[in-house]
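A short worksheet on the structure shown next.
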Amino acid sequence: MQSVSPVYFESLYQQQSDPWNYETSPYEQQKYAETLAALPRRYQSGLEIGGSIGVLTEQLAPYCQFLLSIDLSPTAQARAKQRCQHLPHVQFQTMQIPQQFPAQKFDLIVLSEVGYYLCQPDLLKAQQLMIKALLPGGHLLLLHWLEQASDFRLSGEQVHDCFLAAETGLTALVSLRRPQYRLDLLTLDV
Ligand SMILES: C[S@@+](CC[C@H](N)C(=O)[O-])C[C@H]1O[C@@H](n2cnc3c(N)ncnc32)[C@H](O)[C@@H]1O
């Protein structure tokens, strides 16, 4: 099975302005608050993968001197750009991982609710790219829902377990389990 296609997400965003109710859901707001609370410091250069319509992007912005938010949907990115237009240090690029990936390095990479849309080979390629793009001492924040959806290629548990496998050289600094999601803040072993 292949990763979920750009056409799928683009058509979702063309039909609905906020497919997961990020703007209004108390659950999402609580999840975002816990995501930000897990970050122990400010960062020079952040990468957010799958930034959607920019609700988390806007909240992540104060934690980063520079933040690049990527997503494969141009429609989602147009909404995110509008939401973040008051934040000149936040940039956007339409990219599909792992086929495309930013060339620069980051001390924060956020993968929130994206990993399970990738098939296993693509997740492994994306993982290698993220590890390569992480500056020494940098942090990789993973957050995934633990229930099943018909469009998932992997479970949230599989995504996190893949990053915590011994051979990645990543270690968890923070690990949280809630009834509906799992959060891991990882760093590369020195
Ligand atoms: C469920 S939303 C998550 C949004 C946000 N990260 C959050 O946690 O609120 C998943 C997003 O990932 C994007 N996406 C899915 N696969 C992707 C890929 N291979 N490369 C880049 N973006 C992707 C989708 O377009 C969608 O906007």
> From the list Y32, Y63, which residue is crowded, with 18+ Cβ neighbours inside 10 Å, free of Cβ contacts under 8 Å to residues at least 60 places away in the same chain and among the aromatic types (F, W, Y)?
Replying inline: Y32
> Quick one: how many residues across the range 115-135 are crowded, with 17+ Cβ neighbours inside 10 Å and touching an Asp or Glu at 6+ places or on another chain (Cβ under 9 Å)?
Replying inline: 3
> Any idea which residue in the range 1-27 is farthest from the ligand (Cβ to nearest atom), counting only those that are assigned to a helix (DSSP H, G or I) and over 24 Å from I97 (Cα atoms)?
Replying inline: P26
>> Condition check: surrounded by 14 or more Cβ atoms within 10 Å (Cβ to Cβ), closer than 17 Å to M130 by Cβ, in contact with a strand residue (DSSP E or B) (Cβ under 8 Å, 6 or more places away or on another chain) and modelled with pLDDT of 95 or more. Does S45 satisfy that?
In response: yes
>> Step by step: first the residues of the range 65-98, then only those that are outside any helix (DSSP H, G or I) and over 15 Å from I49 (Cβ atoms), then the one that is nearest to the ligand (Cβ to nearest atom). Which residue is that?
In response: C84
> When you look at G54, is it in contact with a helix residue (DSSP H, G or I) (Cβ under 6 Å, 6 or more places away or on another chain), under 22 Å from Y13 (Cβ atoms) and either in contact (Cβ under 8 Å) with a residue 40 or more places away in the chain or among the small types (G, A, S) (or both), yes or no?
Replying inline: yes
>> Residue pairs, Cβ under 8 Å, 6 or more apart or interchain, first in the range 106-122 and at negative phi, second of a type in the set (K, R). List them.
In response: Y116/R153; Y117/R153; L118/R153; C119/R153; Q120/R153
>> Checking the structure you have, find out if any residue of the range 99-107 is under 22 Å from Q16 (Cβ atoms) and of a type in the set (S, T, N, Q).
In response: no
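The values are calculated or read from the model by the stated rules, or taken from the named source; none is laboratory data. As the structure is a computational prediction, the values presented were derived from the model and not from experiment. Here the Cβ is made from the backbone with ideal geometry for all residues, glycine too, and neighbour counts use every protein chain on show.
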